[in-house]
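First up is the structure itself, then whatever we jot down about it.
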Amino acid sequence: MVYGTVFHMNRGNPFNLKALVDKWPDFNTVVVCPREQDMTDDLDHYTNSYQIYSKDPQNCQEFLGSPELINWKQHLQIQSSQPSLNEAIQNLAAIKAFKVKQTQCILYMPFEIAKNLAPFLLESKNISPSGVKTKTINQEMFKLSSMDVTHADLVNKFWYFGGNERSQRFIERCIQTFPSSCLLGPEGTPVCWSLMDHTGEMRMAGTLPEYRQQGFVTYVIYSQCQNLIKLGFPIYSHVDYRNEAMQRMSYNLQHIPIPRSWNQWNCVPL
């Protein structure tokens with residue numbers, strides 16, 4: 001997640017983020033977050049988000065507790081691929097007086113990304129040499145396209161973490177800022193979609209109920225992956241442990257699973 005945010009920062013920094021480290025140049029912990037002027041709504045945990053990576057997660061609590069680093073008086077979320085940060089965050093919850101809810105999901109990386117960034121993940125994986133196969137789409141009825149900001153309400157309705165005004169604004173900003181993909185149906189509106197957020201993650205994918213189990217979202221995500229890989233994006237995604245359909249889709253797309261490595265802590269002051 002830190003890698004993805006820094007990737008965007010080095011390419012224009014469209015979300016106006018900043019990166020902070022505990023020391024330089026030999027840092028142990030890096031935190032990426034918005035600038036203070038963008039975190040004016042104390043209840044907006046979509047904007048008040050922090051991505052953390054630490055070489056020493058057992059000893060990063062003091063740095064994370066620094067008053068100038070994280071505003072613990074706000075509703076906020078912390079994201080990391082390191083579940084080992086949980087101990088430090090839980091300790092800070094007791095010290096700073098906030099309640100915390102941890103969400104863990106399966107982290108997936110496309111085969112091409114894992115091969116370049118983390119080849120050790122492929123050692124025990126049986127990857128089919130025939131590659132990925134997706135269903136043929138009736139291109140007279142369905143058209144591959146990008147999302148429009150007017151589609152944000154639809155995404156917000158089906159997003160597991162959304163469904164409110166603040167998530168709507170976050171989705172609108174993601175659509176306006178980053179690459180997205182969708183499949184437009186006969187009426188010219190999306191029947192399935194996939195977005196990218198400020199961490200470089202492909203997420204918020206969804207399909208209208210009446211169009212499910214037809215291979216549409218697989219087609220959209222595969223097409224989006226191929227385009228983003230060509231552009232050099234370090235793409236990844238997460239899937240809930242209960243979402244067996246998306247897990248099967250990830251397997252069919254040859255995405256490499258890393259269990260318990262997508263972590264989000266929602267923090268609310270008491």
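The values are calculated or read from the model by the stated rules, or taken from the named source; none is laboratory data. Being a predicted model, the structure only gives us computed values, none of them experimental. Glycine gets a Cβ as well: all are built from the backbone with ideal geometry, and neighbour counts include every protein chain shown. SASA here: full protein model, heavy atoms, side chains in, ligands and nucleic acids out. Shrake-Rupley method; radii C 1.70, N 1.55, O 1.52, S 1.80 Å.
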Exercise for review: Please indicate, with yes or no, whether at least one residue in the stretch 48-68 is more than 30 Å from GLN247 (Cβ to Cβ), open to solvent by less than 70 Å² (accessible area, probe 1.4 Å) and in contact with a Phe, Trp or Tyr (Cβ under 7 Å, 6 or more places away or on another chain).
Suggested key: no
Exercise for review: Could you give me the residue pairs with C-beta distances under 8 Å whose first residue belongs to the stretch 162-183 and is of a type in the set (Gly, Ala, Ser), whose second residue is assigned to a loop (DSSP other than H, G, I, E, B) wherever it lies, and which are 6+ apart or on separate chains?
Suggested key: SER167/TYR46; SER167/TRP159; SER167/PHE161; SER180/SER146; SER180/MET147; SER181/SER146; SER181/MET147
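Just one of ARG248, ARG260, ARG242 is of a type in the set (Lys, Arg), more than 17 Å from the chain's Cα centre (by Cα) and under 29 Å from ILE89 (Cα atoms); which is it?
Numbers: ARG248 fails: under 29 Å from ILE89 (Cα atoms); ARG260 fails: more than 17 Å from the chain's Cα centre (by Cα).
Testing whether each residue is of a type in the set (Lys, Arg), more than 17 Å from the chain's Cα centre (by Cα) and under 29 Å from ILE89 (Cα atoms) leaves just ARG242.
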Study note, to complete from the structure: Restricting the stretch 208-246 to residues that are within 14 Å of ILE106 (Cα to Cα) and among the acidic types (Asp, Glu), the one surrounded by the most Cβ atoms within 10 Å (Cβ to Cβ) turns out to be ASP240
Review point. Could you say whether any residue in the stretch 186-209 is among the aromatic types (Phe, Trp, Tyr) and part of a loop (DSSP other than H, G, I, E, B)?
Key: no
Revision key, fill the gap. Across (1) open to solvent by 40 Å² or more (accessible area, probe 1.4 Å); (2) modelled with pLDDT of 95 or more; (3) assigned to a loop (DSSP other than H, G, I, E, B), LEU154 clears everything bar (3)
Practice item. Take the stretch 1-21 and flag every residue that is polar (S, T, N, Q) and at negative phi. Key: THR5, ASN10
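Looking only at the stretch 49-106, which residues are among the acidic types (Asp, Glu), part of a helix (DSSP H, G or I) and either farther than 18 Å from SER261 by Cα or in contact (Cβ under 8 Å) with a residue 60 or more places away in the chain (or both)? If you could, list the steps in order and put the result at the bottom.
First, the residues of the stretch 49-106 that are among the acidic types (Asp, Glu): 56, 62, 68, 87.
Among the residues that remain, those that are also part of a helix (DSSP H, G or I) are: 62, 87.
GLU62, the sole residue that qualifies.
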